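S.K.: Quick one: structure below, then a few questions.
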Amino acid sequence: DAGVIQSPRHEVTEMGQEVTLRCKPISGHDYLFWYRQTMMRGLELLIYFNNNVPIDDSGMPEDRFSAKMPNASFSTLKIQPSEPRDSAVYFCASSPRLSRGEGNEQYFGPGTRLTVT
Amino acid sequence: DAKTTQPPSMDCAEGRAANLPCNHSTISGNEYVYWYRQIHSQGPQYIIHGLKNNETNEMASLIITEDRKSSTLILPHATLRDTAVYYCIVRVASGYSSASKIIFGSGTRLSIRP
């Protein structure tokens, strides 16, 4: 398996522009997570989906951020309009459904480094 | 989810065992202990998890104290490639609910010296 795929790997944009980050989870995984990582705040969970349905979006910073999962193999995180403080590395992760009552490990993609000037 | 406490940094000589401690004194009976690591410029990587028994896999061993208030991740023969930030996380492992999310703390920055 190719693992979690994210695109683009790097994105540089100007303030006010729309940014779309893309993620392809591991085939067969039921959960998909979006995280953001900065030096100041560390790794933060933004939103996660179960079977393409958003379950918890309490980490989404504000209305400028939106995430969708139209099918089991694709998700997007959109920022509109972007601001310099959105500069960060954005990670997507997926995990399989739970089994035997145990926890499920998350598999992370390589991340998208976003710079907003 | 229970809060965890880890030392901010540690170092270890290459080839020696690296022992990374984690305190989770408020852990509940249904919470698992998870370890992830993040190598520079990469996404976090799952290492191991356990409930109350010690666990071992190809990457590491996890030792959980009998009262479950602390645990230790052991990398038996550390290499330079093990230099990373290691995160100890405790979380409920249950069905399809918000309990499935992971909250990352600040972790331990492990440096392996040649």
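S.K.: Taking N as the number of residues in region A:40-117, what is its Cα Rg relative to 2.2 N^0.38 Å? All intermediate terms of the calculation are to be shown ahead of the outcome.
M.R.: Numbers: Rg = 13.7 Å, N = 78, 2.2 N^0.38 = 11.5 Å.
Cα Rg divided by the expected 2.2 N^0.38 Å: 1.19.
S.K.: Right, something else. Please work out the Cα convex hull volume for chain B and give it in Å³ per residue.
M.R.: Details: hull volume 11.3 nm³, N = 114.
Hull volume over Cα atoms, normalised by residue count, gives 99 Å³.
S.K.: May I ask for the net charge around A:VAL116, where only other residues with Cβ less than 12 Å from the Cβ of A:VAL116 are counted and Lys, Arg are +1 while Asp, Glu are -1?
M.R.: Numbers: positive: A:ARG64, A:ARG85, A:ARG113; negative: A:GLU11, A:GLU14, A:GLU18, A:GLU83, A:ASP86.
Residues close to A:VAL116 contribute a combined charge of -2.
S.K.: Counting only other chains, and only Cβ atoms inside 10 Å, what mean value do you get across the residues of A:43-56?
M.R.: 3
S.K.: Can you give the % of DSSP beta bridges in the protein assembly as shown that are antiparallel, to the nearest 5?
M.R.: Bridges in the protein assembly as shown that DSSP calls antiparallel: roughly 90 percent.
S.K.: What number comes out for the charge environment of A:LEU46, summing +1 per Lys or Arg and -1 per Asp or Glu over other residues with Cβ under 9 Å away?
M.R.: -1
S.K.: Moving to a separate point now. Could you pull out every one of the lysines with an alpha carbon less than 28 Å from that of A:LYS24, ignoring same-chain neighbours closer than 8 positions?
M.R.: Within the straight-line limit of under 28 Å, A:LYS24 reaches these lysines: A:LYS68, A:LYS78, B:LYS101.
S.K.: At R0 = 41 Å, how high is the FRET efficiency between A:SER73 and B:ARG16 if r is their beta carbon distance? Nearest 0.05 is fine.
M.R.: About 0.40, to the nearest 0.05.
S.K.: Grab every C-alpha pair in region B:27-87, bin the distances at 5 angstrom width from 0 up to the longest one, and report whole percents.
M.R.: Calculated over all Cα pairs of region B:27-87, the distribution is 4, 18, 29, 23, 15, 8, 4, 0 percent.
S.K.: A follow-up question, please. Can you compute the FRET efficiency between A:VAL12 and B:SER9 using 1/(1 + (r/R0)^6), with r the Cβ-Cβ distance and R0 = 30 Å? Round to the nearest 0.05.
M.R.: Details: r = 32 Å, r/R0 = 1.06.
For R0 = 30 Å, the calculated efficiency reads 0.40.
S.K.: So, one more: How big is the A-B contact in terms of buried accessible area, both chains counted, 1.4 Å probe, rounded to the nearest 100 Å²?
M.R.: The buried area between A and B, both sides summed, comes to about 1800 Å².
S.K.: Still on this structure, please answer the following. Two decimals, Cα atoms only, Kirkwood Rh: what is Rg/Rh over the protein assembly as shown?
M.R.: 0.97
S.K.: Now a separate question. Where does the charge balance sit around A:PHE91 when Lys and Arg score +1, Asp and Glu -1, over other residues with C-beta under 13 Å from its C-beta?
M.R.: That sum, taken over residues with Cβ under 13 Å, equals +3.
The values are calculated or read from the model by the stated rules, or taken from the named source; none is laboratory data. Please read all numbers here as calculations on a predicted model, not as lab measurements. Cβ: placed from backbone, ideal geometry, glycine included. Neighbour counts: every protein chain shown. Just so you know, the surface numbers come from the protein's heavy atoms only, side chains and all, with ligands and any DNA or RNA stripped out. Shrake-Rupley method; radii C 1.70, N 1.55, O 1.52, S 1.80 Å.
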